[in-house]
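J.: Okay, handing you the structure first.
The values are calculated or read from the model by the stated rules, or taken from the named source; none is laboratory data. Everything quoted here is computed from the prediction, not taken from an experiment. Heads up, the Cβs are rebuilt from the backbone with ideal geometry, glycines too, and the neighbour counts pull from every protein chain shown. Areas reflect the complete protein model, heavy atoms only, side chains present, ligands, DNA and RNA absent. Shrake-Rupley method; radii C 1.70, N 1.55, O 1.52, S 1.80 Å.
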Amino acid sequence: MRAALREQDPRAYQILAREAERQNMGLELIASENFVSRAVLEAMGSVLTNKYAEGLPGRRYYGGCQFVDEAERLAQERAKALFGAEWVNVQPHSGAQANAAVYLTLLKPGDVFLGLNLAHGGHLTHGSPVNFSGILYRAEYYGVHPETGRIDMDEVRDKALQIRPRLISIGASAYPRDFDYAAFREIADEVGAFLWMDMAHTAGLIAAKLLNDPLPHCHIVSTTTHKTLRGPRGGMLLMGRDFDNPFGLVAPKSGRLKRMSELFDSAVFPGIQGGPLMHVILAKAVALGEALQPDFVEYAQQVIRNARALAERLLEHGYELVSGGTDNHLVLVDLRSRGLTGKQAEEALERAGITVNKNMVPFDTQSPLVTSGIRIGTPAVTTRGFKEPEIRYVADLIHEVLSDPDNETVLERVRNKVLELCRQFPLYDFVSIGDPAELSASRL
Ligand code: DSN
């Protein structure tokens, strides 16, 4: 199939080949990225993309859905088994879509909700003023403690009692610590709010039971499927149990009282989406099947061990880490004491073949386009086979670059070391530009 792409559309093929080369020959340390298996790639690049299937399995608005119904049921069944969920919806096209369905179900425009400040590790869809969540609803924030860098549960409670939100959200895109869901639930119950966890970043680590489990405590849990879960780009909603509609929510048109699961299903379709991406849903089923295998737990354990080793080595080099370390798959480096901005660091590392992202640190005074920090994650390089010795070496390379970020000789030297490391841990055997493009994953 890729030979067809090369012959029919060389420009598109070149883009694909060059991106494959970039992934193969660079160090991918963006905390939200990963490398999927060949099986997941095959499911995604399949004829299921041709099928319209609005509705749910067995209740579609189109004929010919017998096989895509099986795909969706397989994904549902595996997601339930993996997370111990009573209900799932595997249709959200992305994490942002899954989150949109949460808001649509639980809030009315103008309602108040409480989420983690974006500048303290929160996510765009948790109330940023430039996102629908902050435009349509009234977002209030809790943050981390200035000294510990950890979420301050006293602040969460005080804020919740003061503003009486209808919804409290948990979850982050740059928070290196675990969450105390039971404590959040107590606060939510005290103020009569729904509790929602967006576990997009840590879903794979939660599935492997290495972090606290939000499902028993939250009314709703959303996730992406492509980060630590190592599946295709997409979203998902889950409930530990199908709670009786605690605040008497009714369906938008009929005004009828419904189960929470029915309300969330209708919020995804027809609420915010049309036809589900059935090729992606099949790929979600494949990835969830992989995550149910025992070696996925080993992978997730290694992700955390690698993040800890990275943190320790960076601390040895004198870097400041938000919260002083990590419980999960990422570290957040505060560069203020080194006289560097996140932007400078990201750009210098990129030139040396190391991809990270600049990131706000709590109480940052720089703009989001400059920032004072970088976020470094281990899921992708762990998939590649890196263990503690390699990750410590990566920390050394980062330090080499950041100690002299404008020195082209240093950047070139590190780039060569990165290439050497990448050759030792081949990823996709996607032959370099000009060769027949057979994707035969050598390690995956
Ligand atoms: N933008 C993603 C991240 O990098 O964390 C989250 O959606």
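J.: Quick one: count up the residues across segment 60-81 that are within 21 Å of the chain's Cα centre (by Cα) and open to solvent by less than 10 Å² (accessible area, probe 1.4 Å).
T.: Within segment 60-81, residues that are within 21 Å of the chain's Cα centre (by Cα) and open to solvent by less than 10 Å² (accessible area, probe 1.4 Å) number 2.
J.: From A43, A98, grab the single residue that is within 16 Å of the ligand (Cβ to nearest atom), in a helix (DSSP H, G or I) and either more than 30 Å from V414 (Cβ to Cβ) or at pLDDT 95 or above (or both).
T.: Going through A43, A98 in turn, just one is within 16 Å of the ligand (Cβ to nearest atom), in a helix (DSSP H, G or I) and either more than 30 Å from V414 (Cβ to Cβ) or at pLDDT 95 or above (or both): A98.
Quick grid of which residues meet (1) over 20 Å from the mean Cα position of the chain (by Cα); (2) over 29 Å from F67 (Cβ atoms); (3) among the basic types (K, R):
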site: F269; (1), (2), (3): yes, no, no
site: G289; (1), (2), (3): no, no, no
site: E298; (1), (2), (3): no, yes, no
site: L314; (1), (2), (3): yes, yes, no
site: L321; (1), (2), (3): yes, yes, no
site: D327; (1), (2), (3): no, yes, no
site: A348; (1), (2), (3): yes, yes, no
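J.: Here's a follow-up. If D364 passes every condition in (1) more than 16 Å from the ligand (Cβ to nearest atom); (2) of a type in the set (D, E, K, R); (3) assigned to a helix (DSSP H, G or I) but one, which one does it miss?
T.: Evaluating D364 over (1) more than 16 Å from the ligand (Cβ to nearest atom); (2) of a type in the set (D, E, K, R); (3) assigned to a helix (DSSP H, G or I) leaves (3) as the failure.
J.: Could you please give the count of residues in segment 24-40 that are under 18 Å from the mean Cα position of the chain (by Cα) and either closer than 14 Å to E350 by Cα or not in a helix (DSSP H, G or I) (or both)?
T.: Number of matching residues: 10.
J.: So, of the residues in segment 118-130 that are free of Cβ contacts under 8 Å to residues at least 60 places away in the same chain and open to solvent by 20 Å² or more (accessible area, probe 1.4 Å), which turns out to be nearest to the ligand (Cβ to nearest atom)?
T.: Only one residue fits best here, namely L124.
J.: Can you spot a residue in segment 147-169 that is open to solvent by less than 20 Å² (accessible area, probe 1.4 Å) and under 16 Å from D213 (Cα atoms)?
T.: Scanning segment 147-169, I find at least one residue that is open to solvent by less than 20 Å² (accessible area, probe 1.4 Å) and under 16 Å from D213 (Cα atoms), so the answer is yes.
J.: I would also like to ask the following. Kindly list the number of the only condition in (1) within 16 Å of the ligand (Cβ to nearest atom); (2) open to solvent by 10 Å² or more (accessible area, probe 1.4 Å); (3) in contact with a Pro (Cβ under 8 Å, 6 or more places away or on another chain); (4) among the small types (G, A, S) that fails for A139.
T.: Among (1) within 16 Å of the ligand (Cβ to nearest atom); (2) open to solvent by 10 Å² or more (accessible area, probe 1.4 Å); (3) in contact with a Pro (Cβ under 8 Å, 6 or more places away or on another chain); (4) among the small types (G, A, S), A139 violates only (1).
J.: Right, here's the next one. Would you say E400 is of a type outside the set (K, R), away from the ligand (no atom under 16 Å from the Cβ), farther than 26 Å from V36 by Cβ and in contact with a helix residue (DSSP H, G or I) (Cβ under 7 Å, 6 or more places away or on another chain)?
T.: Yes: the conditions hold for E400.
J.: Under the condition of being within 16 Å of the ligand (Cβ to nearest atom) and small (G, A, S), which residue from segment 367-388 is farthest from the chain's Cα centre (by Cα)?
T.: Going through the qualifying residues, I end up with G373.
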